[in-house]
Amino acid sequence: MLPDLTRRHFMTAGGLSIMAAMTGIQPAGAAPWRDEIRAIAFDVQGTCVDFYQPILRAGQAVNTAKGLALDWAKLSSEWRDLYRAALDDVIAGKRPWIRVDRIYREALDVLLDRHGLSEAFSSDERDELNTVWSKLDAWPDSVEGLARLRSRFVTSTLSNAGMAAVVAVVKHAKLPFDAVLTAELARSYKPSPAVYQLAVDYLGYPADKILMVACHKYDLKAAGAFGMRTAFVARPLEFGPAAKVDVAPESWIDLHADSFTQLADMLVPA
């Protein structure tokens, strides 16, 4: 039985046959598809930046200031789960669209109430704690890898976070992007096709000339179905050293790398 085919798989590029596009086998003399890439779109949280360590630092500061002994590794995981559930409700049409920073803030209220901590945090303290999501740290390879990739390609964020939050993250982490695009512009969230369409509309290239980079496979699956090329960058420490993260290669992903610098090695001539 033939494998599941996405829109991209039916596209031919540089004279490739449909079967070559499906299998990735290049006929002699044909230009590799990666030579046709013109722009690269990047997921941000987890892919470009580490949120786990900043949350632990912020949590430790809270513990010290309030004389608490909260397990912020556990709480950060719950916080992210609550965020994802709310995001999925927006995508499913179960609730109106709101920015990610408001989703995180609502999730924080739920988290504190769940653990009997509602009285321990004022509204202003919650607002301050929620700003941690705009003060995330670049992974050690991010700045160098992005700079090298930017030397050849147009580079942009394509994040589920809001515009202001991603601008703040990019500035804080010193990430060298050409453009900042987020799902807020589409008033939807990945994996909605409307978010990937932003890259086509604002970067000015067809989907098959844009590479989507992420450490989350659901993101790449949706990008590939939309017609983009895909690159998985493994971030095994995204959820901390004790978490089990799926970093196994997949046949339906075009490129696999352990870092942005390794991805640059693949795409930028020495």
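The values are calculated or read from the model by the stated rules, or taken from the named source; none is laboratory data. Here the structure is a predicted model, which means the values were calculated and not measured. Methodologically, a virtual Cβ is constructed for each residue, glycine included, from the backbone with ideal geometry; neighbour enumeration extends over all protein chains shown. Heavy atoms of the whole protein, side chains included, go into the accessibility calculation; ligands, DNA and RNA do not. Shrake-Rupley method; radii C 1.70, N 1.55, O 1.52, S 1.80 Å.
Just one of (1) among the hydrophobic types (A, V, I, L, M, F, W, C); (2) out of contact with any His (no Cβ under 8 Å at 6 or more places or on another chain); (3) open to solvent by less than 70 Å² (accessible area, probe 1.4 Å); (4) in a helix (DSSP H, G or I) fails for ILE98. It is (4).
Which ones in segment 50-89 are open to solvent by less than 20 Å² (accessible area, probe 1.4 Å) and assigned to a helix (DSSP H, G or I)?
To start, the set of residues in segment 50-89 that are open to solvent by less than 20 Å² (accessible area, probe 1.4 Å) comprises 50-51, 54-55, 59, 63, 72, 75-76, 79, 83, 86-87.
Once the filter is applied, which keeps residues that are open to solvent by less than 20 Å² (accessible area, probe 1.4 Å) and assigned to a helix (DSSP H, G or I), segment 50-89 yields PRO54, ILE55, GLY59, ASN63, TRP72, LEU75, SER76, TRP79, TYR83, ALA86, LEU87.
Within the set ASP124, ASP88, the sole residue that is within 22 Å of GLU184 (Cα to Cα) and out of contact with any helix residue (DSSP H, G or I) (no Cβ under 9 Å at 6 or more places or on another chain) turns out to be ASP88. Contact map, segment 91-117: residues that are under 17 Å from ALA194 (Cβ atoms) paired with residues that are aliphatic (A, V, I, L, M) and assigned to a loop (DSSP other than H, G, I, E, B), Cβ distance under 8 Å, separation 6+ or inter-chain. Pairs shown: VAL100/ALA161.
Test ASP265 against the stated conditions and say whether it is among the charged types (D, E, K, R) and over 30 Å from PRO54 (Cα atoms). Spelling it out, it is not the case that ASP265 is among the charged types (D, E, K, R) and over 30 Å from PRO54 (Cα atoms). Summed over segment 121-136, the residues that are open to solvent by 40 Å² or more (accessible area, probe 1.4 Å), touching a residue at least 12 places away in the same chain (Cβ under 8 Å) and either under 23 Å from GLY46 (Cβ atoms) or not acidic (Asp, Glu) (or both) give a count of 1. Within segment 142-155, does at least one residue satisfy the condition of being of a type in the set (Lys, Arg), in contact (Cβ under 8 Å) with a residue 12 or more places away in the chain and out of contact with any Pro (no Cβ under 9 Å at 6 or more places or on another chain)? There is at least one residue in segment 142-155 that is of a type in the set (Lys, Arg), in contact (Cβ under 8 Å) with a residue 12 or more places away in the chain and out of contact with any Pro (no Cβ under 9 Å at 6 or more places or on another chain).
Any idea how many residues of segment 185-204 are among the charged types (D, E, K, R) and either open to solvent by 50 Å² or more (accessible area, probe 1.4 Å) or farther than 18 Å from ILE98 by Cβ (or both)? Lay out the reasoning, then the answer.
As a first pass, look at segment 185-204 and keep what is among the charged types (D, E, K, R): 187, 190, 201.
Okay, now just the ones that are also either open to solvent by 50 Å² or more (accessible area, probe 1.4 Å) or farther than 18 Å from ILE98 by Cβ (or both), so 187, 201.
The total comes to 2.
Of everything listed in (1) touching a strand residue (DSSP E or B) at 6+ places or on another chain (Cβ under 9 Å); (2) at pLDDT 95 or above; (3) outside any loop (DSSP other than H, G, I, E, B), the single unmet condition for THR47 is (3). Per the listing VAL143, VAL154, VAL110, VAL169, the residue uniquely open to solvent by less than 20 Å² (accessible area, probe 1.4 Å) and either over 25 Å from ALA231 (Cα atoms) or among the aliphatic types (A, V, I, L, M) (or both) is VAL169.
Does ALA207 satisfy being open to solvent by 20 Å² or more (accessible area, probe 1.4 Å) and more than 20 Å from ALA161 (Cα to Cα)? Talk me through it step by step, then tell me what you get.
Numbers: open to solvent by 20 Å² or more (accessible area, probe 1.4 Å): no; more than 20 Å from ALA161 (Cα to Cα): yes.
No; evaluated as a whole, the condition is false for this residue.
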